[in-house]
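The values are calculated or read from the model by the stated rules, or taken from the named source; none is laboratory data. These figures come from a predicted structure and were not determined experimentally. When we count neighbours, we look across all protein chains shown, and the Cβ atoms used for this are built from the backbone with ideal geometry, even at glycine. Keep in mind that these areas ignore ligands, DNA and RNA; they rest on the heavy atoms of the full protein, side chains included. Shrake-Rupley method; radii C 1.70, N 1.55, O 1.52, S 1.80 Å.
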Amino acid sequence: MNNLLGIEIGRKVKGFAIVFVVLSLVFAYFYLARPLDLKDIINKNNIKEIYILTDTFTTEFKFPKELRLNNENDINTILDILSEYKYSRIISFYNPRIAPANPTNGVIHIFLTYSNTDNKLIQQYLFIDSENDVAIRNKHGINISYKISGLDKMLFEHLGNWLETLGP
């Protein structure tokens, strides 16, 4: 009788443990994949300079190849464009042996240089391609992929339209 009672309790504990683990994984996934504002991802304060490097693989884009922005109006404009979108992490597992085969027509690399509380200059990196894939390097040097939600216009097009006003 005691042995049967112990087996029944063991089954219930095992069942509760499985339910707990499954619920924890589901909550963790939704926590990690929730939409974030740009201010939750990068440091938008004390930006000293923004360096933009573009690679376009079709002739329809007329971006400047290289651009260094250090005036407050341009810095605020690009931050305003980036802030109009919500960023949700893409949960993926990185395998260094597999290269993604996502074709793209252009890439915008953005390097934000800002000073932290110790007045040390730090650089934050954003990668945006024409397929609206975004990767942002965190403070530990790890690139995190994001999907974008927000305006009808894609982020790449939005940034590209502004970059075209600055000339090739």
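Overview of results
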{"quantity": "Per-region count, segment 135-147, residues within 14 Å of Asp40 (Cβ to Cβ) and either modelled with pLDDT of 80 or more or open to solvent by less than 50 Å² (accessible area, probe 1.4 Å) (or both)", "calculated": "4"}
{"quantity": "Residue that is nearest to Ile122 (Cα to Cα) [pool: residues in segment 17-44 that are open to solvent by less than 100 Å² (accessible area, probe 1.4 Å) and of a type outside the set (A, V, I, L, M)]", "calculated": "Asn43"}
{"quantity": "Selection count where residues are under 16 Å from Ile81 (Cβ atoms) and outside any strand (DSSP E or B), scope segment 115-149", "calculated": "2"}
{"quantity": "Within segment 54-78, considering residues that are at pLDDT below 85 and among the hydrophobic types (A, V, I, L, M, F, W, C), the one surrounded by the fewest Cβ atoms within 10 Å (Cβ to Cβ)", "calculated": "Phe57"}
{"quantity": "Meets criteria (assigned to a strand (DSSP E or B), in contact with a helix residue (DSSP H, G or I) (Cβ under 9 Å, 6 or more places away or on another chain) and either open to solvent by less than 20 Å² (accessible area, probe 1.4 Å) or at pLDDT 85 or above (or both)) for Leu82", "calculated": "no"}
{"quantity": "Matching residues, segment 150-161, being open to solvent by 60 Å² or more (accessible area, probe 1.4 Å) and not in a loop (DSSP other than H, G, I, E, B)", "calculated": "Glu157, Asn161"}
{"quantity": "Tally of residues being modelled with pLDDT of 75 or more and either polar (S, T, N, Q) or within 16 Å of Leu112 (Cβ to Cβ) (or both) across segment 1-38", "calculated": "3"}
